[in-house]
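Encoded as structure tokens, the structure appears first; notes follow it.
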Amino acid sequence: MTSPNTSGTLIVAERVGSSLSEATAELISAALSVSDSRPISVLVLGDGDDAIAAGIAADELVFVTSADRRRGAPVAAAAVASVIADRRPALVLAAHSVEGMGWASAVAAGAELGFASDVIGLRDGPEGRICQRELYGGKVQAEIDFPETDTIVLLLRRGVWSPAPKDDRSPTKISRVAPDLAVRDTTYVATVDAVTDDVDITKAEVILSIGRGVDDKEELGRFTTLAEQLGATLAFSRPLIDAGWASPSRQVGQSGKTVKPRVYIALGISGAIQHLAGMDKAGTIVAVNTDPDAPIFRVAHYRATIDLFDVVDELERLTK
Amino acid sequence: MAGDGITEELKLVVAVKQVGVVSDEFEIAADGMGVAPEDLDFTMNEWDAYALEAALSLGEEQQAEVIAVTVGSENTEPVLRRALAMGATRAVRLDTNPEDALSAARAIAGFVRTESPDLVLCGVQSADAANGATGPAVAELCGLPWVAVVRSVDPITTPASLRVTRELDAGVREVVDVELPALLTIQSGINEPRYATLRAIKNADREPIEVVACDSRPASHLRRVFVPAPQGENAESLGDDPAVVAERIIEIVRGTEVAS
């Protein structure tokens, strides 16, 4: 049930080169899965080619041409806030990504809108939208709603909703708006490419990956040797890279590399969502973790909930 | 005077959260609104420890006041004691129970507006709720520019602006300049948070904690929490014998495994 004051859905898209990111179609799908979500408008920050709209299953595409992305998150927030104030959507959706996390909560706070992030479920309840999100690394889920709120801003987790199919008839309308975005901004200086001072783990056929379960850096040598013995490339989850165990080029995850090896062996990795995003398409995933509820097991093909060091002892014995 | 770009002493505010850690076996509380309190341990949010360390490091390069602030009831004071033990010069508890990230942000913003710091530092997200939302909301409510997911902070060489590096996906980074006063959300791995000495921990127990009343209003309403259906059921168990597990792994690596 939507408020009479607001209607429709605004989807804030992200650009990837000259197209919109894959998440855009997922967000459209999420919008279409709840009632009274149309019309669906897709907002693009900055100007662009009309062709960017090709195949997008929405009713309208809006370029906010005055939103200079080099001016950072404050300008993105001001741009989205301006369009919300103008068009009064009931639902505002974006991807829970570095970009979305930069502006969405600011927009919701500034305009006193409903807000939730990293949303993994969305449905209609008797009094409005109901969302689901995870707590405590996924061990628990929360159900939340937004009573007496006319507009809610939601960041949706990527890869949960299937992308809406391409629609060559849409969008029917392309608009350009140029609100005055005089805000205290930031200044883009430069882009620094990812570190490539070590092996390219995306080319590995077999990856042996270790995480926090390998508590002691003194053990690193054992895993280096074991990886060699197995003919595998050694990789790491983020916490070990943060702690300086290896070059960032060996990090698997959203802020590191996305890998699709034939075999991925995860030892002592709990499976934070950002890690899973970097390896869940691997051919065969074996996970060893003493926590039977570790999220890594959601994507694993084979599991063992015993001590990884007992397994390593045996692997060393068998590969001597 | 702090906050006007001409600072003799830097004023830094660091928002710290006491997060819950769920024990291996836990239950949902009877009211269905959280994990049973006896099944929770508490600790300083890891990202906030990085943020605090970043503030303390900036404070070593020049005179600085480092104010640790948390939002919560009295049982959240241990996180402030830890901040004091690490070297924060003031500790403030905003006396309300925040229902969500924006509720906490409103409380923090109210405090920041009264203090006019040069820089506000928050962790990117909390380990328990992982909203990743508090920082930018505080910045917006205070009219401050912000940079999120900061991976490094250059020393402050001019009173007016700061150069930081932020993290994008896939290891790509962006260098950004931001005018002070500003807010940064700090990403993990930026530094190595210092240990507090035993003496510092003891001294921290005796330092005052300012308790301040505040406004907060949530942007969402919790209906219930629950344990989701187990999702690891598709994985085939390799059993409990390490020798067998190791043999199966080797078969899989060699490509000689037989799917059952």
>> I need the Debye-formula profile for segment A:167-314: one equal scatterer per C-alpha, no solvent, reported as log10 I(q)/I(0) at q = 0.08, 0.20 1/Å, two decimals.
In response: -0.31, -1.19
>> What are the extents of the Cα atoms of segment A:94-252 along their three principal axes, in Å, largest first?
In response: 59, 41, 39
>> Rg and Dmax in Å for chain A, alpha carbons only: what are they?
In response: 22.4, 72
> Dividing the alpha-carbon Rg of segment A:1-138 by 2.2 N^0.38 Å yields what?
Replying inline: 1.01
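Once the Cβ-Cβ distance between B:Q63 and B:R194 is put in as r, and R0 is 22 Å, what FRET efficiency do you end up with, to the nearest 0.05?
In this case the efficiency is close to 0.70.
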>> Can you divide the C-alpha Rg of segment B:80-220 by 2.2 N^0.38 Å and report the result to two decimal places?
In response: 1.10
>> I need the trypsin sites (Lys or Arg not before Pro) found in segment B:97-158, filtered to DSSP loop residues with at most 16 other beta carbons within 10 Å of theirs.
In response: none
>> Suppose only helical runs count, i.e. DSSP H with n ≥ 4. What mean residue ellipticity at 222 nm does that imply for the protein assembly as shown under -39500 (n - 2.57) per run, divided by all residues and rounded to the nearest 500 deg cm²/dmol?
In response: -7500 deg cm²/dmol
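If you put +1 on each Lys and Arg Cβ and -1 on each Asp and Glu Cβ, how big is the dipole of segment A:1-73 around its Cα centre, in Debye rounded to 20?
Its charge dipole is roughly 240 debye.
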> If amide H atoms are built 1.01 Å from N in the plane of the peptide, which residues on other chains or at least 5 residues away come under 5 Å of the amide H of B:A148?
Replying inline: B:T185
> Roughly how big is the A-B contact, given as buried accessible area in Å² (both sides, 1.4 Å probe, nearest 100)?
Replying inline: 6500
>> If Rh is defined by the Kirkwood formula over all Cα pairs and Rg also comes from Cα, what ratio Rg/Rh do you get for segment B:7-155?
In response: 0.98
> If you plug each phi of segment A:236-248 into the Karplus form 6.51 cos²θ - 1.76 cosθ + 1.60 with θ = phi - 60°, what whole-Hz ³J(HN,Hα) values come out, in order, with x for Gly and Pro?
Replying inline: 9, 7, 3, x, 6, 5, 4, 7, x, 6, 7, 5, x
> So for the pair A:V177, B:V212, with labels modelled 7 Å out along Cα→Cβ, what separation do we get in nm?
Replying inline: 3.5
> When N counts the residues of chain B, how does its alpha-carbon radius of gyration compare numerically with 2.2 N^0.38 Å, as a ratio?
Replying inline: 1.19
> Of all the C-alpha pairs in the protein assembly as shown, what % are more than 46 Å from each other?
Replying inline: 14
> Across chain A, where is the longest run that never hits GluC sites (Glu not before Pro) in a DSSP loop with at most 16 other C-beta atoms within 10 Å?
Replying inline: A:206-320
>> Compute a Gaussian network model of chain B, connecting alpha carbons closer than 10 Å, and tell me which residue from B:G87, B:G132, B:G232 fluctuates the most.
In response: B:G232
> Where the centroid of each part is defined by its Cα atoms, how far is segment B:127-163 from segment A:198-228 in Å?
Replying inline: 34
> So what's the angle, to the nearest 10 degrees on a 0 to 90 scale, between helix A:98-111 and the longest Cα principal axis of chain A?
Replying inline: 40
>> Whole angstrom only: what separates the Cα centroid of segment B:203-245 from the Cα centroid of segment B:34-61?
In response: 15
> Each residue of segment A:187-202 in order: what ³J(HN,Hα) in whole Hz does its phi give by Karplus 6.51 cos²θ - 1.76 cosθ + 1.60, θ = phi - 60°, with x for Gly and Pro?
Replying inline: 10, 5, 10, 6, 10, 10, 5, 4, 5, 10, 8, 9, 4, 8, 6, 5
> Mind listing P(r) for segment B:74-152? All alpha-carbon pairs, 5 Å bins, whole percents.
Replying inline: 3, 13, 22, 27, 24, 10, 1
> Which entries in A:K139/B:K17; A:K139/A:K281; A:K260/B:K17; A:K173/A:K260; A:K166/A:K260; A:K203/B:K17 show an alpha-carbon gap greater than 29 Å?
Replying inline: A:K260/B:K17; A:K173/A:K260; A:K203/B:K17
>> In whole percent, and with a 1.4 Å probe on the protein chains, what portion of the accessible area of chain B is carbon and sulfur?
In response: 49
> Taking the Cα atoms of segment B:150-199 alone, what are Rg (to one decimal) and Dmax (as a whole number) in Å?
Replying inline: 13.4, 42
> Where does helix A:220-230 land angle-wise versus the long Cα axis of chain A, in degrees 0 to 90, nearest 10?
Replying inline: 80
> Using alpha carbon centroids, what distance separates segment A:159-192 and segment A:18-59, in Å?
Replying inline: 9
>> Let me confirm one metric for peptide A:117-125, namely the mean number of other chain beta-carbon atoms within 10 Å of its residues' beta-carbons.
In response: 2
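For A:129-140, what's the mean count of beta carbons from other chains sitting within 10 Å of each residue's beta carbon?
Mean shielding by partner chains, rounded to a whole number: 5.
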> If you line up the long axis of helix A:23-32 against the longest principal axis of chain A, both from Cα atoms, how many degrees apart are they, to the nearest 10?
Replying inline: 60
>> If amide hydrogens are placed 1.01 Å from N in the peptide plane, which non-local residues have theirs closer than 5 Å to the one on B:R224?
In response: A:E143
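Averaged over peptide B:137-143, how many Cβ atoms belonging to another chain are found within 10 Å of each residue's Cβ?
6
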>> Can you list residues from other chains, or at least 5 along the same chain, whose modelled amide H is less than 5 Å from the amide H of B:L180?
In response: B:S161, B:L162
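The values are calculated or read from the model by the stated rules, or taken from the named source; none is laboratory data. Bear in mind that the values here come from a model prediction, so they are computed numbers and not experimental data. Positions of Cβ are backbone-derived with ideal geometry, glycine not excepted, and every protein chain shown enters the neighbour counts. With ligands, DNA and RNA removed, areas are computed over all heavy atoms of the protein, side chains included. Shrake-Rupley method; radii C 1.70, N 1.55, O 1.52, S 1.80 Å.
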